[in-house]
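The values are calculated or read from the model by the stated rules, or taken from the named source; none is laboratory data. Remember, it's a predicted structure, so these values are computed and weren't measured experimentally. Backbone-built Cβ (ideal geometry, glycine too); neighbour counts: all protein chains shown.
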Amino acid sequence: MLNLILDIIGVASFAVSGAMVAIHRKADLFGVLFLALMTALGGGIIRDLLLGQTPPRMFTSYVYIAVAVASALAVFIAAKTKNDLYRRYENRLDRVDNFFDAIGLAAFTVSGAGIAVSTYGLGNPVLVVSMGMITGFGGGMLRDVLTNAMPMVLTKHVYAVASLAGALVYYWMLLLRLPALLCDLTAGVLVFVIRVLATRYHWNLPRVDV
Amino acid sequence: MLNLILDIIGVASFAVSGAMVAIHRKADLFGVLFLALMTALGGGIIRDLLLGQTPPRMFTSYVYIAVAVASALAVFIAAKTKNDLYRRYENRLDRVDNFFDAIGLAAFTVSGAGIAVSTYGLGNPVLVVSMGMITGFGGGMLRDVLTNAMPMVLTKHVYAVASLAGALVYYWMLLLRLPALLCDLTAGVLVFVIRVLATRYHWNLPRVDV
Amino acid sequence: MLNLILDIIGVASFAVSGAMVAIHRKADLFGVLFLALMTALGGGIIRDLLLGQTPPRMFTSYVYIAVAVASALAVFIAAKTKNDLYRRYENRLDRVDNFFDAIGLAAFTVSGAGIAVSTYGLGNPVLVVSMGMITGFGGGMLRDVLTNAMPMVLTKHVYAVASLAGALVYYWMLLLRLPALLCDLTAGVLVFVIRVLATRYHWNLPRVDV
């Protein structure tokens, strides 16, 4: 149930983010829906393939696809009609996109780690943390690759590090046998807060000058 | 048997299309063969992975690989020797590529949907339609990503919509218990005709001006 | 045991190659680690997915991830501190990258083919050779796609052909029931030597002038 809610939040957020990128890249209506679907469902599909759960749950339920399509359609209609809400945020597109991307990253990191735990238990922390991270930024990476952009995860301020921190804290809290809801919330909020602060204050990891 | 024939038509068409793109991008002989193979087999491989059928059937039979390599070699030799047939179509490269791409899309859409039905039955229309579409444009998407081009599916006139329409009609005809051959032919022709007409008459879906 | 050693050599070499490309593309510390991990583990992950072995072994052991992270960290620290060794090779970056890439290609080609044989036997040469090649250049292809570069495998001198030759020789030697160690070494050295000679003497396959 928790996983379902997290997945739906992640799907809606990433669908909005994917739709905005697609509109910005002059994709047509279908391109907008398609990129939104890939961004929203990509991470979960990659996770399910890696865990050997086929067909991926994203294909076995109408809910995810319906939520993604509805979210993307709402963005498309708002952009097409230039309604007040959209116009108000037009100049802050990047910030809005980052906001939804951070929510999606948080929800999917927790949901991905949770599904790995419910399938293979707590015996393999590498698997749990990897599945959290891959679910978290797999869809965004697909979105970037499909629009020929350098993946956000390679360049943005502490993007994957936020996901890594959340997944580690989640795993550690589960080991301590804390209640599932508390683990989900703490880890999710942690990912979101790190991402938002990193964007706001331009946190950077060290890099080599070339 | 029907699936086999459809797959072979799809493989040959996409191999030709992949080889032409590779030659255009100055790939060497191996690059031409490789991109042809990825374009021709990619959609089916992604479908089999998603359906949990491993190893993908593209690796368990010589037929697909042989057909793809032979088609790509024929294109390469025609281009290298600048033979009459090739010269005649050189200035219409884009149209020829679109033609083969449309045949491949049609054949693979029907074959992918058919394999989903034969594996999981008619209970999950989302899965059937998704598998048809992914098999249909998965290989072309790989081709575009590998050559750093914006995927055709995001930009071309009603590309994925053609595949979607064909897969939906196919599913609906199967529900009505119509003969398999009729379903295959109707859906395949539908995909092909929509794609060709969309290219010919520059059909476009709505888009947002940015 | 042999497969483990080959995998570790491949992981370390590709991690170095991936880290160097990432530094060159101005990725931050995490970007460097991430691209190194994708380059080092990508080929094996794709192979395991295609063979239906989930979760991929790269996630079930600390060894691979630890080796990849340590290799990438060493490159990052060397580059950041501009130490003597790094400075000495700075102007020959491309050559060093090619050297490690060739070792990784050789080790992974043999290991990938070996795992296919140990899973499905010698009955399907197409599968054995494909798995060798995909394991060999899958990670490098991911690295190139993620950094928006035309994949090396499509453009570099006889890159995939080296892998193909090694995998074929490996399969043929196994058929002759030669000792496993001899098969591994012969095929691996063959891949490495072909790649190095092809780079050194600018071997090219025929291509069409466009």
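Check segment B:146-160 and report whether any residue there is part of a helix (DSSP H, G or I) and either modelled with pLDDT of 90 or more or loosely packed, with under 15 Cβ neighbours inside 10 Å (or both).
no
Identify all residues within segment C:46-55 that are part of a helix (DSSP H, G or I) and either among the acidic types (Asp, Glu) or surrounded by fewer than 24 Cβ atoms within 10 Å (Cβ to Cβ) (or both); write none if there are none.
Once the filter is applied, which keeps residues that are part of a helix (DSSP H, G or I) and either among the acidic types (Asp, Glu) or surrounded by fewer than 24 Cβ atoms within 10 Å (Cβ to Cβ) (or both), segment C:46-55 yields C:Ile46, C:Asp48, C:Leu49, C:Leu51.
Can you tell me which residue is farthest from the chain's Cα centre (by Cα) among those in segment A:38-76 that are among the aliphatic types (A, V, I, L, M) and closer than 16 Å to A:Asp101 by Cβ?
A:Val75
Just one of (1) touching a Ser or Thr at 6+ places or on another chain (Cβ under 7 Å); (2) away from chain A (no Cβ under 11 Å); (3) not small (Gly, Ala, Ser) trips up C:Val11, so point out which.
Of the numbered conditions (1) touching a Ser or Thr at 6+ places or on another chain (Cβ under 7 Å); (2) away from chain A (no Cβ under 11 Å); (3) not small (Gly, Ala, Ser), the odd one out for C:Val11 is (1).
Being facing another protein chain (nearest Cβ under 10 Å) and either crowded, with 21+ Cβ neighbours inside 10 Å or assigned to a loop (DSSP other than H, G, I, E, B) (or both) is the filter here, so list the residues in segment B:124-140 that pass it.
Hits for segment B:124-140 are B:Asn124, B:Leu127, B:Val128, B:Val129, B:Ser130, B:Met131, B:Met133, B:Ile134, B:Phe137.
Within segment A:1-12, track down each residue that is in contact with an Asp or Glu (Cβ under 7 Å, 6 or more places away or on another chain) and within 14 Å of A:Gly43 (Cα to Cα).
A:Leu6
Quick one: which residue in B:Leu185, B:Leu205, B:Leu164 is touching a helix residue (DSSP H, G or I) at 6+ places or on another chain (Cβ under 8 Å) and modelled with pLDDT of 85 or more?
That would be B:Leu164, the only listed residue that is touching a helix residue (DSSP H, G or I) at 6+ places or on another chain (Cβ under 8 Å) and modelled with pLDDT of 85 or more.
Between a residue in segment A:20-34 that is facing chain B (nearest Cβ under 8 Å) and among the aromatic types (Phe, Trp, Tyr) and any residue that is crowded, with 22+ Cβ neighbours inside 10 Å and assigned to a loop (DSSP other than H, G, I, E, B), which pairs come within a Cβ distance under 8 Å, given they are 6 or more apart or on different chains?
A:Phe34/A:Ala27
Suppose we filter segment B:176-193 for residues that are more than 22 Å from the chain's Cα centre (by Cα) and surrounded by 11 or more Cβ atoms within 10 Å (Cβ to Cβ); how many remain?
1
Here is a list of conditions, (1) modelled with pLDDT under 85; (2) not in a helix (DSSP H, G or I), and A:Arg87 meets all of them except one; can you say which number that is?
Looking at each condition in turn, A:Arg87 falls short on (2).
Condition check: closer than 25 Å to B:Ile45 by Cα, among the basic types (Lys, Arg) and surrounded by 20 or more Cβ atoms within 10 Å (Cβ to Cβ). Does C:Arg143 satisfy that?
yes
Is there a residue being touching a strand residue (DSSP E or B) at 6+ places or on another chain (Cβ under 8 Å) and either in a helix (DSSP H, G or I) or under 19 Å from B:Val11 (Cβ atoms) (or both) anywhere in segment B:179-187?
There is no residue in segment B:179-187 that is touching a strand residue (DSSP E or B) at 6+ places or on another chain (Cβ under 8 Å) and either in a helix (DSSP H, G or I) or under 19 Å from B:Val11 (Cβ atoms) (or both).
So B:Met58 ticks every box in (1) within 16 Å of B:Gly112 (Cα to Cα); (2) of a type outside the set (Phe, Trp, Tyr); (3) surrounded by fewer than 23 Cβ atoms within 10 Å (Cβ to Cβ) but one. Which box is left unticked?
(3)
Filter segment B:13-45 for residues that are among the β-branched types (Val, Ile, Thr) and closer than 16 Å to B:Ala107 by Cα; which is surrounded by the most Cβ atoms within 10 Å (Cβ to Cβ)?
The extreme case among them is B:Thr39.
Would you say B:Met173 is free of Cβ contacts under 8 Å to residues at least 60 places away in the same chain and surrounded by fewer than 20 Cβ atoms within 10 Å (Cβ to Cβ)?
yes
Answer with yes or no whether C:Asp48 is touching a Ser or Thr at 6+ places or on another chain (Cβ under 8 Å), closer than 21 Å to A:Ala113 by Cα and among the acidic types (Asp, Glu).
Answer is yes for this residue.
Here are some residues: A:Ser130, A:Ser118, A:Ser111. Which one is over 22 Å from C:Arg57 (Cβ atoms) and at pLDDT 85 or above?
Answer to the selection: A:Ser111.
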